[in-house]
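Each remark here refers to the structure printed beneath this line.
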Amino acid sequence: MNNLKELLTNNRTYIEKCLKIVNKDGELVPFKLNAGQIIVDNIIADLERRNKPVRLIILKARQRGISTYTEGYIFKKTTTQTFKTSSIIAHLDEASQNLFNMYKNFYE
């Protein structure tokens, strides 16, 4: 499989090769999926392989990186497909701003 096709079809490959996040020390580092993120990624990959809509209800566990993973997933889908748009809404303005800042980091 060529590298471009792999990036466009494999969410984990795209996220880990193309995106960077700010870690707890304030450093910009490559986005390496953790165990919880890999579980969600595998479920999404299975749904996509079977041409099923990706609709998940994930109970919020603090500091597990699921919001960060979903930001990366949505960013990939929005930026690699024609005529795709996305929105992020959180319960507080500050939380929405944090999520938007992740997008800005991914883009930059």
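The values are calculated or read from the model by the stated rules, or taken from the named source; none is laboratory data. The structure presented is a predicted model; accordingly, all values stated were derived computationally and were not measured. We place every Cβ from the backbone using ideal geometry, glycine too, and count neighbours over all the protein chains shown. Please note that ligands, DNA and RNA were not included when accessible areas were found on the heavy atoms of the full protein model with its side chains. Shrake-Rupley method; radii C 1.70, N 1.55, O 1.52, S 1.80 Å.
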- Quick one: count up the residues across the range 22-36 that are in contact with a helix residue (DSSP H, G or I) (Cβ under 7 Å, 6 or more places away or on another chain) and either over 22 Å from residue 107 (Cα atoms) or part of a loop (DSSP other than H, G, I, E, B) (or both). 4
- Message: Here is a check on your reading of the model: is residue 96 free of Cβ contacts under 8 Å to residues at least 40 places away in the same chain and touching a Ser or Thr at 6+ places or on another chain (Cβ under 6 Å)?
- Response: no
- Task: Using the structure shown, decide if residue 56 is aliphatic (A, V, I, L, M) and part of a helix (DSSP H, G or I).
- Result: no
- Consider residue 46 carefully, then state whether it is under 24 Å from residue 6 (Cβ atoms), acidic (Asp, Glu) and in contact (Cβ under 8 Å) with a residue 12 or more places away in the chain. no
- If residue 39 passes every condition in (1) β-branched (Val, Ile, Thr); (2) in a helix (DSSP H, G or I); (3) in contact (Cβ under 8 Å) with a residue 60 or more places away in the chain but one, which one does it miss? (3)
- Note on the structure: Of the candidates 76, 104, 60, the one satisfying the condition of being open to solvent by less than 40 Å² (accessible area, probe 1.4 Å) and either within 15 Å of the chain's Cα centre (by Cα) or not β-branched (Val, Ile, Thr) (or both) is 76
